[in-house]
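These notes are about the structure you will find just below.
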Amino acid sequence: MMRILGRNNSVNVIKVLWCATELGLEFERADIGGAFGGNDEPEYLLKNPMGRVPTIEVDGHIMWESQAIVRYLAARHGIGSLMPEDLAERAKSDLWMDWYTAHLHTSMTTIFWGLVRTPEAKRDNDAINDAKIEAGKMWSVLDKHLAGRNFVGGKTLTMGDIPAGAAAFRYYTLVDDRPNMPHLDRWYASLGERTPYKTHAMNPLS
């Protein structure tokens, strides 16, 4: 059985948990990182030299980097569903995974750490507000893309939805003054109707 090493309040672990559950995979999870520690222990660093989460162990293989794991699981278990069969359509889903990392992750991290993991007296409110503005611009890009599409890749959920989708709950929870984004709102609402998403992504932030 696959083992997922990582605390379930990490956005990167959430991606893998959500993906695995969408695919109907059985797995066990161990709390590593954050308040649980263990990610700086020699045994863990032999598996993941970056000391980050998640790491997975499956069929004698060890893998880390959340989006690489999502791609692996989708390729192995989700051809025709999370990973489109058509190579061009697959690339279109894939590019939105990279888009999240390159264009949205930094501002969302600033918002999350500033509002959730930093005491109010120590917050850099200017940085948080700047990040909210930047995140709004990037979410607006996705909003325009979603016009006429149910999901990032088209009619059905694909791996392309997972990185931004994992971050969307944080955005909608932490940012009230969002731009008008009807297509993004519809997409986020549709994610919230999925049991795997509700189970792994829509939990109290910590």
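Against the definition (under 25 Å from V16 (Cβ atoms) and either touching a His at 6+ places or on another chain (Cβ under 6 Å) or modelled with pLDDT under 95 (or both)), how does M159 come out, yes or no? Before you say what the answer is, go through the steps one by one.
On the way: under 25 Å from V16 (Cβ atoms): yes; either touching a His at 6+ places or on another chain (Cβ under 6 Å) or modelled with pLDDT under 95 (or both): no.
Against the criterion (under 25 Å from V16 (Cβ atoms) and either touching a His at 6+ places or on another chain (Cβ under 6 Å) or modelled with pLDDT under 95 (or both)), M159 does not qualify.
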Quick one: count up the residues across the range 16-59 that are aliphatic (A, V, I, L, M), exposed (fewer than 12 other Cβ atoms within 10 Å of the Cβ) and without any contact (Cβ under 8 Å) to a residue 24 or more places away in the chain.
2
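Table: residues versus (1) on the phi > 0 side of the Ramachandran plot; (2) free of Cβ contacts under 8 Å to residues at least 40 places away in the same chain; (3) touching a Gly at 6+ places or on another chain (Cβ under 8 Å).
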site	(1), (2), (3)
K92	no, no, yes
W96	no, no, yes
T110	no, yes, no
K122	no, yes, no
D130	no, yes, no
G160	no, no, yes
L174	no, no, no
A201	no, no, yes
For the range 14-24, check the following and say yes or no: at least one residue is closer than 12 Å to R3 by Cα and more than 18 Å from the chain's Cα centre (by Cα).
no
Residue among I69, I79 that alone is surrounded by fewer than 16 Cβ atoms within 10 Å (Cβ to Cβ) and either in the same structural domain as V16 (by TED's automatic domain parsing) or under 22 Å from the mean Cα position of the chain (by Cα) (or both)
I79
Yes or no: the range 95-104 includes at least one residue that is outside the structural domain of G6 (by TED's automatic domain parsing) and more than 14 Å from the chain's Cα centre (by Cα).
yes
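Looking at K155, is it within 24 Å of G80 (Cα to Cα) and of a type in the set (D, E, K, R)?
On the way: within 24 Å of G80 (Cα to Cα): yes; of a type in the set (D, E, K, R): yes.
Against the criterion (within 24 Å of G80 (Cα to Cα) and of a type in the set (D, E, K, R)), K155 qualifies.
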Across the range 71-119, which residue is nearest to V16 (Cα to Cα) among those that are out of contact with any Leu (no Cβ under 7 Å at 6 or more places or on another chain) and part of a loop (DSSP other than H, G, I, E, B)?
S81
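The values are calculated or read from the model by the stated rules, or taken from the named source; none is laboratory data. What you see is a predicted model, and the numbers here were worked out from it, not measured in a lab. Virtual Cβ from ideal backbone geometry, glycine too; neighbours counted across all protein chains shown.
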